[in-house]
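Below: the structure, in structure tokens.
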Amino acid sequence: MSGVFDKAVKAGFNMTDKAIANKRRRLTPEEKRYLFERQRGRCGICGEPMSLDEVMHADHIINFFRPGATNFLANLRLAHANCNLKRGAKFIS
């Protein structure tokens, strides 16, 4: 996993920039690929395989509207659109 993280840092991802931490935004293609590789191509909610070509949601592990939640990549995971919509704003411990 550290190899993927190192690639992300070298690609210019700022993992802790507070200016982007609390702002909703779209993932860049590089961020999407980073999360996809970090998750080994599996949905962050159901665990089933995903494809980079399919529609995915960036799911906040700690719900975006909870205190302390951020848009840092550490708080995001890719999920099938249906899985994320079913999950809603439930807290994952």
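The values are calculated or read from the model by the stated rules, or taken from the named source; none is laboratory data. Predicted, not measured: the structure shown is a model, and the values here were computed from it. All Cβ positions, glycine included, derive from the backbone under ideal geometry; neighbour counts span all protein chains shown.
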Quiz item: Taking segment 26-70 only, how many residues are under 11 Å from the mean Cα position of the chain (by Cα) and of a type in the set (Gly, Ala, Ser)?
Solution: 2
Quiz item: For segment 31-53, which residues satisfy the criterion of being within 14 Å of Leu76 (Cα to Cα), out of contact with any strand residue (DSSP E or B) (no Cβ under 9 Å at 6 or more places or on another chain) and charged (D, E, K, R)?
Solution: Arg33, Glu37
Practice problem: Give me the pairs, please: first residue somewhere in segment 66-93 and closer than 16 Å to Gly47 by Cβ, second residue anywhere and exposed (fewer than 12 other Cβ atoms within 10 Å of the Cβ) and at pLDDT 75 or above, beta-carbon distance under 6 Å, and either six or more positions apart or on two chains. | Solution: Ala81/Val55
Quiz item: Within segment 12-43, can you find the residues that are assigned to a loop (DSSP other than H, G, I, E, B), modelled with pLDDT under 95 and not aliphatic (A, V, I, L, M)?
Solution: Gly12, Phe13, Asn14, Thr16, Asp17, Asn22, Lys23, Arg24, Arg25, Arg26, Thr28
Quiz item: Within segment 44-65, how many residues turn out to be surrounded by 16 or more Cβ atoms within 10 Å (Cβ to Cβ) and part of a strand (DSSP E or B)?
Solution: 5
Quiz item: Any idea which of (1) in a loop (DSSP other than H, G, I, E, B); (2) out of contact with any helix residue (DSSP H, G or I) (no Cβ under 6 Å at 6 or more places or on another chain); (3) at pLDDT 90 or above is the one Gly68 doesn't satisfy?
Solution: (3)
